[in-house]
Each structure stands twice: as structure tokens, then as C-alpha cells.
Amino acid sequence: MPEWFASGLFCPERTTVTNTLSPNTGSYLSHIHAFRGFAIINVVGAHSWSTLMYLIWGSDILKHMNLLYATTKMAFHGSTLYFAFISGLLFSKVLRNKGWKSFFKNKVLNVVAPYVVLSLFFLTTFWNWYLKSAADKGRPTEFIPALLDGIVFGRVLPHFWYIPVLLVIFLFTPLFQYLLHQPRFKWIILVLIVAPLIISRTTIPAFLSLQTLIYFSGAYVFGMWVGKDYNRTLAIISRYRGWLWCIAVAGSLALTLLILQRYESSHLIAWDQTIVYLQKTALICLILHYFSRHEAVLPRFLNLLGTYAFAIYFLHLAFTYLVARGLTGLISQHQDLLTLALSGLLVLTASIALSIVISKIIRLLLGRRSRILIGV
């Protein structure tokens, strides 16, 4: 079991899709649902190639496959920003009119419950692996304290850190909503949105931090702001999409160069995370613009992925590790760029497919109660 995996253990509503649906009518926007599907592809992509290469070379990936690693990290790192943005956008577009009781009840049933259940499941499943490293890392070695530690700090699996961050953001949503609708506090909203440019998220081994909370709150509040007057925002995006393309392309090139140069920073400002925020924010705007204008012809599989996005998020990493581990033996004699690129694509596809299959089985067996287990 790789170190990053072991450390992490203990580290729509659906309506008929129509192109005539106005961005400011109804509670369901199929192009945003499709965007959620696009987002989960990117999140799984962030783990697919890196897991495969880590299993082959450990931490020396850049010595062996620097271009592929840099390219995939440039494309996928920070994709959780898409989900933070979508959560904020959907709050303004759909949830804010349903009342705070409904909002928080929804989060408890559809986010907290599956998070706790799956944390219990994965900790139980990987308990022996956990014990091998827990004491050395100063973590509890008894099950109940370990479970509580894993839930509170998002350590049961490496990607679970995002859920505690998201839950804290949800708790601050009433405050964000108040500030957003008070003209005299617009400057605070602007500060929140641009703060991630100078306050960077933390990464391995300490994902959970105040910096990370500020970083993802920026994307969430940006989504709330976009959803507040969606038509007007889409018009602004359309007007400035040339500049947005420049930011996205320049950011992608700059980020690739930083990765190739092995840039690292332990300071408050990490320039690679600043560039990621700029790049992903520009891409968010461009994707929204494109998806909203081509809603009727978007690939149908994006809607399927949008429906199962949360379940895929919870489940995929276990499959990513298993599939990647199975492939490493097969490709050990063919470690060229093309083979690894295609193998990573296979890991990505298989992880998503297996997550959906398991989710469908659980939904078939439990019906609507499956939300408590897998969030869908």
C-alpha cells in the first residue's frame, strides 16, 4: 500500500433536458448538472495517473515521467474547486429559497450521513494498514478514537479532507448569504473571492487548515455571486471570454513549468496554488458559458456522471488504487509515455465505472435510503 494512501487512511433532481430552459427559471439546470459530471471526471483524473506513477516510481516520478506527470497535474490538480463553486452556485439558484432548515437537513442527510457511514466502512476495511503507521504518526490506535479522529479531520481516505472543509463552509453560508445581499458589504465578498490568490491551501500531509478553508470558501462564494444574477453573469463572461482564455492558457503553461521545476512552498503564498485558482476560475467561467449555450447537445454521459458525482467522489479512490496496482505488473516492462498515458486513462475510466456500478447496486437494494450510504 503506498504511503500517500496509508497516510490518508489515518491522515438532482431530474427534468427534461431542453435548450430553451432559461438560466433564471426552474430549479434544475441541466448544463450545471453536466458541469458536475465534468467536475468529477477531473477529480478522479487528479488521482488516476499520479497513483499509477507513484506505485511504479514512488516519489521520484519527475525523474522518470516528468512531462506526463506535469501535464496531468496541470489539468486536474485543484479540480475540487469546481465542486466548491457548483455548491455555491446551486445554493443561490436553487436552495436559498427553501429555507435554512431545509438546507441544513439536506446537508446532514446527503453529506454528513454518507461521510460518516463510509468513513466507518473504509476504516474497518483498512484497519490493519492503519495500525501499521498510526502510532508513528501520533494517531489513535483504538478503533473508536481513530474513527472520531478520521471523521473530524477527514483522514480516513486521502480525499476525505474536503468533506470537513465543505461542512464548515456550509455552516458559514448564512453569513455569506447576508453579506452578499448587503450593498455596503460587497467589498467583503470581493475580498473573500480574491483571498485565495494570496492565501494558499495546504496539501500533503496537512490538507485540513484555515488556509484551505479560506481557499475553497473563495470558490464557493464566487459560485454564490454568479448564481445571484446568473443571466447577467453569463453575459459578462461572454463579453470577456477572450481574456478568460488568455488567463486559462497562460495559467496552464505557467503551472506546467512550475511543476517541471519542482516548485515547492511552505509559506502562506504558494504561487502554484495561486495559478491553479486563477486557471480553474477562468475555466469555470468558460465551461459555464459553453455548456449553457450547448445544453441540448452535451454528451448524455455527463448527466449520468452528474447524478452519481457525489457517490463517485466517495468511492473512486479505492478502485483507483486497486486498478492501478493491477496494471503496474502488466506495464512494468513498458514504461513509455504512451503506455502510461493510456494506462492512466484506463484507471480513470475503470474507477468511475466501478463506482457507478456499486452505486447502482446500492440504489437498487435500498432505494432512496441509499443517500444515507453513498449520497445519491
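Restricting to the range 88-102, name every residue that is out of contact with any Phe, Trp or Tyr (no Cβ under 6 Å at 6 or more places or on another chain) and crowded, with 18+ Cβ neighbours inside 10 Å. Steps first, answer last, please.
Of the residues in the range 88-102, the ones out of contact with any Phe, Trp or Tyr (no Cβ under 6 Å at 6 or more places or on another chain) are 89-94, 96-102.
LEU89, LEU90, PHE91, SER92, LYS93, ARG96 - these are the residues of the range 88-102 that are out of contact with any Phe, Trp or Tyr (no Cβ under 6 Å at 6 or more places or on another chain) and crowded, with 18+ Cβ neighbours inside 10 Å.
Check the range 278-290 and report whether any residue there is at negative phi, assigned to a helix (DSSP H, G or I) and over 20 Å from the mean Cα position of the chain (by Cα). Give the steps one after another, and end with the answer.
Let us first name the residues in the range 278-290 that are at negative phi, namely 278-290.
Restricting the remaining residues to those that are assigned to a helix (DSSP H, G or I) gives 278-290.
From the residues that got through so far, the ones that are over 20 Å from the mean Cα position of the chain (by Cα) too are 289-290.
Yes, the range 278-290 contains at least one residue that is at negative phi, assigned to a helix (DSSP H, G or I) and over 20 Å from the mean Cα position of the chain (by Cα).
Please determine, by comparing only the residues of the range 161-214 that are among the β-branched types (Val, Ile, Thr), within 20 Å of LEU95 (Cβ to Cβ) and within 17 Å of the chain's Cα centre (by Cα), which one is most open to solvent (accessible area, probe 1.4 Å).
Checking each candidate, the answer is VAL168.
Can you tell me which of LEU131, LEU123, LEU118, LEU109 is touching a Leu at 6+ places or on another chain (Cβ under 6 Å) and over 20 Å from SER217 (Cβ atoms)?
On the way: LEU131 fails: touching a Leu at 6+ places or on another chain (Cβ under 6 Å); LEU118 fails: touching a Leu at 6+ places or on another chain (Cβ under 6 Å); LEU109 fails: touching a Leu at 6+ places or on another chain (Cβ under 6 Å).
The conditions single out LEU123.
Can you name the residue in the range 295-319 that is open to solvent by 30 Å² or more (accessible area, probe 1.4 Å) and among the hydrophobic types (A, V, I, L, M, F, W, C) and is also nearest to the chain's Cα centre (by Cα) among such residues? Spell out how you get there, then give the answer.
So the first thing to find is which residues in the range 295-319 are open to solvent by 30 Å² or more (accessible area, probe 1.4 Å), and the list is 296-297, 299-301, 304, 310, 319.
Right, trim to among the hydrophobic types (A, V, I, L, M, F, W, C) and you get 296-297, 301, 304, 310, 319.
Values: ALA296: 25, VAL297: 25, PHE301: 19, LEU304: 17, PHE310: 10, PHE319: 17 Å.
Among them, the one singled out is PHE310.
Show the residue pairs meeting these rules: Cβ distance below 9 Å; 6+ apart or different chains; first residue within the range 239-256 and within 14 Å of ILE284 (Cα to Cα); second residue outside any helix (DSSP H, G or I).
none
Exactly one condition in (1) within 15 Å of LEU89 (Cα to Cα); (2) open to solvent by less than 80 Å² (accessible area, probe 1.4 Å) is not met by LYS228; state its number.
Unmet condition: (2).
Which of the residues belonging to the range 324-362 are assigned to a helix (DSSP H, G or I) and open to solvent by 90 Å² or more (accessible area, probe 1.4 Å)? Let's see the steps before the verdict.
First pass over the range 324-362, keeping only residues assigned to a helix (DSSP H, G or I): 324-331, 337-362.
Residues satisfying the conditions are ARG325, LEU330, LEU338, LEU342, LYS360.
Between a first residue in the range 88-103 that is under 16 Å from LEU171 (Cα atoms) and in the same structural domain as THR173 (by the TED database) and a second residue that is among the aliphatic types (A, V, I, L, M) and open to solvent by 30 Å² or more (accessible area, probe 1.4 Å), which pairs have beta carbons less than 9 Å apart while being 6 or more apart in sequence or on different chains?
These pairs meet every condition: SER102/LEU95; PHE103/LEU95.
SER292 is checked against (1) crowded, with 21+ Cβ neighbours inside 10 Å; (2) within 30 Å of ILE56 (Cα to Cα) and fails just one. What number does that condition carry?
So the condition that SER292 fails would be (2).
Residue check: is ILE287 surrounded by fewer than 23 Cβ atoms within 10 Å (Cβ to Cβ), in contact with a Phe, Trp or Tyr (Cβ under 7 Å, 6 or more places away or on another chain) and over 25 Å from PHE160 (Cα atoms)? Steps first, please.
On the way: surrounded by fewer than 23 Cβ atoms within 10 Å (Cβ to Cβ): yes; in contact with a Phe, Trp or Tyr (Cβ under 7 Å, 6 or more places away or on another chain): yes; over 25 Å from PHE160 (Cα atoms): yes.
In short, yes.
Could you go through the range 144-156 and let me know if any residue there is open to solvent by less than 60 Å² (accessible area, probe 1.4 Å), on the phi > 0 side of the Ramachandran plot and assigned by the TED database to the domain that holds TRP100.
Yes: the range 144-156 contains one or more residues that are open to solvent by less than 60 Å² (accessible area, probe 1.4 Å), on the phi > 0 side of the Ramachandran plot and assigned by the TED database to the domain that holds TRP100.
Looking only at residues in the range 231-276 that are assigned to a loop (DSSP other than H, G, I, E, B) and of a type in the set (Gly, Ala, Ser), which one is surrounded by the fewest Cβ atoms within 10 Å (Cβ to Cβ)?
First, pick out the residues of the range 231-276 that are assigned to a loop (DSSP other than H, G, I, E, B): 240, 261-270.
After this cut, where a residue has to be of a type in the set (Gly, Ala, Ser) as well, the list is 265-266, 270.
On the way: SER265: 13, SER266: 6, ALA270: 20.
Ranking the qualifying residues of the range 231-276, first place goes to SER266.
The values are calculated or read from the model by the stated rules, or taken from the named source; none is laboratory data. Keep in mind that what you see is a predicted model, and the values were worked out from it rather than measured. Neighbour counts are summed over all protein chains in view; Cβ atoms, including those assigned to glycine, are modelled from backbone coordinates with ideal geometry. For accessibility, only protein heavy atoms count, side chains too; no ligands or nucleic acids. Shrake-Rupley method; radii C 1.70, N 1.55, O 1.52, S 1.80 Å.
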